[in-house]
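Only one structure is covered here, and it is reproduced in the block below.
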Amino acid sequence: MVRHFMRKVVRSLLDDERLHVTITDDKTVPEFLHFKNERKMPIARVDSSPGFFVFPSVQSFDVFKANDGDLNRIELDSNGVGIPLFHFVRKLGLDLSYDIYVYELRSVDDAPPYAAHQLFHSTSEFKIYRSLYGTISLNIKLGTMDYEFHGDNEPFVMSHMKKFRDLDTKILGSDFTWHVTFNPVLRSDHYKLLLQDDRESKFVAAHYTSENSDLLSIISTVTKTADIIVGDDSNGSFGIYDVSHMTKLIVCQGLLIHQLELQKQRPKSIKREGKALLRMGVNERLS
C-alpha cells in the first residue's frame, strides 16, 4: 500500500502528457504508425480466475467492473463494450510459457471464427467466442532472454540482456525498444515503446504503467492492476469490435511486460497461478 501511495504522489507531480503517444502524419515515419487516436486499455485481474484480462477502453472496463465481471449481466451492443479483448494465462508445466486468448463478438447470423474456439456467451442478437490468439515462450540464450510469440498472426520476439529490463522487438518490420527509466529511489515500471531510428525526438507508440492501479479491495471482484496506452488507427470504438491488428500485437507485448513485472513484485505469483489453473482448468469462465 505504501508503494501504491508513493506512485500516486509521484504521478501527481508529473505532467500527464508523458503518457500520450505520438500522433503525426510525418512521411518519414512508417505508415502503420500514423495513428488516428490512442487507446487507454486497463489490465485487470478477476477473483478466482488465473492470469489477467485487458480491455479495449476505460469505458469497457468500467462496464465490466460495474457488473462484477458477470457477462450475463452485461447488455451487449454491436461494439462489444464490457467484454475483455484478451485473457493472458500461464500454461501448465515447468516451462515459462503463456497463452493469450482473444474474445470476438459476432452477430447470431455470422459464422463462428475459423480457428478452434469456445462459445463463451450468447444473447438473442450476439455471440461471444473465445479462441487462442497466440502463445509466448521463453528461449534462454547466452546472455539474452528471448520471448517468442507464435500464432496465426504476425510473430514477434522480445529480447533483453540478462539483468537488464529494456526489451527490444520488431513490429511489422520496424525496430522498437520497450524502455524503462532507471530510478534508484523508487522503482519505476513505466515502459515506453520507442521507435528506433535516427530521429532525435523519439517516437512513442505505446506506454505500460501500473501507477494508476486500484488498491486491492475485499469488496470488488475485479481489480485494475495496470494500463496500456497505445496508438490506434481505428475509428475510436470503445469495444472489442474495432481494434486494429497492429494495436493487438503491441498489447500482447504489453501483457508480457505486465507478467514480468508481476513476477518481480510477487515471487510467489507463479505458484498461485499454477494452483488456480489446476483448480479451474484452462477454459475457466469469468464468473
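The values are calculated or read from the model by the stated rules, or taken from the named source; none is laboratory data. Just so we're clear, the structure is a prediction, and the values are computed from it rather than from any experiment. Glycine gets a Cβ as well: all are built from the backbone with ideal geometry, and neighbour counts include every protein chain shown.
Of the residues in the stretch 269-279, not one is at pLDDT 65 or above, assigned to a helix (DSSP H, G or I) and out of contact with any strand residue (DSSP E or B) (no Cβ under 7 Å at 6 or more places or on another chain).
Within the stretch 19-49, how many residues are touching a His at 6+ places or on another chain (Cβ under 6 Å) and not in a strand (DSSP E or B)? Give the derivation first.
Quick first cut of the stretch 19-49, residues touching a His at 6+ places or on another chain (Cβ under 6 Å) only: 19, 25, 43.
So of that shortlist, the ones also not in a strand (DSSP E or B) come out as 19, 25.
The number of residues fulfilling the criteria is 2.
Give me a count of the residues in the stretch 92-130 that are of a type in the set (S, T, N, Q) and either within 14 Å of residue 240 (Cα to Cα) or in contact with a Ser or Thr (Cβ under 9 Å, 6 or more places away or on another chain) (or both). Walk me through it before giving the result.
Looking only at the stretch 92-130, we keep the residues that are of a type in the set (S, T, N, Q), and these are 97, 107, 118, 122-124.
Retained after the next criterion (residues that are either within 14 Å of residue 240 (Cα to Cα) or in contact with a Ser or Thr (Cβ under 9 Å, 6 or more places away or on another chain) (or both)): 97, 107, 118.
Qualifying residue count for the region: 3.
Put simply, of 216, 286 the only residue that is modelled with pLDDT under 90 and touching a Gly at 6+ places or on another chain (Cβ under 8 Å) is 286. Quick one: in the stretch 115-148, of everything that is surrounded by fewer than 13 Cβ atoms within 10 Å (Cβ to Cβ) and out of contact with any strand residue (DSSP E or B) (no Cβ under 9 Å at 6 or more places or on another chain), which residue is farthest from residue 252 (Cα to Cα)? Among those that are surrounded by fewer than 13 Cβ atoms within 10 Å (Cβ to Cβ) and out of contact with any strand residue (DSSP E or B) (no Cβ under 9 Å at 6 or more places or on another chain), it is 124.
For the stretch 55-81, filtering for residues that are within 15 Å of residue 221 (Cα to Cα) and touching a strand residue (DSSP E or B) at 6+ places or on another chain (Cβ under 8 Å) leaves 6.
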